[in-house]
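The structure appears below as structure tokens.
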Amino acid sequence: MRRALIAGNWKMNGAGDAAAALLQVVAKAEPGAADLVVCPPFTALSEAQRLLCGTFVQWGAQNVYPAPSGAYTGEISPAMLTALGCRWCICGHSERRQLLGETDGFVGQKVRAVLDAGMTPILCVGETAGERQDGRTASVVEREVEKGLTEVAADEAARLVIAYEPIWAIGAGQAATAEEAEEACGWLRECVFRLFGRAAADGVRILYGGSVGSGNIASFLAMPDIDGALIGGASLRADEFISIYNTAKA
Ligand code: PGA
């Protein structure tokens, strides 16, 4: 039985006092049968460490550079994240792929670096509206998973998290249907089975992301291949985020 996971991706939000205010509410969530993770911007990670340390809530980063140190101006290493208590790192979010040109291969290097640092990668995959219309959803997300996990060994695969995030549903206010999300998450689990075998496919947690809120989270969690959600906009509204988590832990 896979444990449900609710992860918040704040994106480039939460400057100054706003981060502390949000973290203070999240810190009061009651533990239950689900994991709760927040991924604030780098600038709020020390605040996350200060306010969440000692609670069951974990925190992570939205990105990392896949090298231990060196001449990478503006980048952040895996060790810098673990020094701030991060146990999670989002890899290959579609906004980074689209706006910053991250390739499948580079995302794969990040996944490897995150695992090497002892953190859990949340590998994001998802198709554009055009790719879905062309019937290419399965091939796109399978390619992103295969390339993203090229450097992963079979015995590591069960502790990975994959997030299926159709690009057309992100920030759109209109989520995929639970059936559309389940179909894609099923393909992804099948893909992990082909790559790494049954134990990995049964263990890997697959999230849905894209306009998830308290009104639709239950429909996604009811699906056999969906183990939780990666939440953008709704993770910035403390009450809404906690309400989503409370549904998952129930
Ligand atoms: P959204 O974003 O919940 O605002 O749609 C999800 C994401 O990009 O992870």
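When 120, 73, 82 are arranged by Cβ crowding within 10 Å, least crowded first, meaning fewest neighbours, the order is 73, 82, 120. Shown here: the stretch 1-93, whose C-alpha atoms stretch 43, 37, 23 Å along the first, second and third principal axes, sorted largest to smallest. Taking 17 Å as the straight-line reach from the Cα of residue 110, the lysines in range (excluding those fewer than 8 positions away in the same chain) are 147. The rule of thumb for compact globular proteins, 2.2 N^0.38 Å, goes into the C-alpha radius of gyration of the chain 0.93 times. Given in Å, the Rg to one decimal and the Dmax to the nearest whole number for the Cα atoms of the stretch 67-199 are 15.2, 46. With r as the distance between the Cβ atoms of residue 159 and residue 49 and R0 = 22 Å, compute the FRET efficiency 1/(1 + (r/R0)^6) and round to 0.05. Computed FRET efficiency for residue 49 and residue 159 comes out at 0.50.
Taking other C-beta atoms within 10 Å as the exposure proxy, 12, 80 rank 12, 80 from fewest upward. In this simple spin-label approximation, residue 150 and residue 25 carry label points 7 Å from Cα along the Cα→Cβ vector, and these lie 4.2 nm apart. Counted residue by residue at 0.36 nm each, then reduced by the alpha carbon distance between them, the extension gain from residue 222 to residue 83 reaches 46.4 nm. Straight-line cross-link partners of residue 28 among the aspartates and glutamates, defined as a Cα under 20 Å from its Cα and at least 8 positions apart when in the same chain: 17, 47, 239, 240.
Sorted fewest first by neighbouring Cβ atoms within 10 angstrom, 242, 162 come out as 242, 162.
Just so you know, all these numbers are worked out from the coordinates, no wet-lab data involved. Small disclaimer: the values here were computed from a predicted structure and weren't measured. Please note: Cβ atoms are built from the backbone with ideal geometry, for glycine as well, and neighbour counts cover all protein chains shown.
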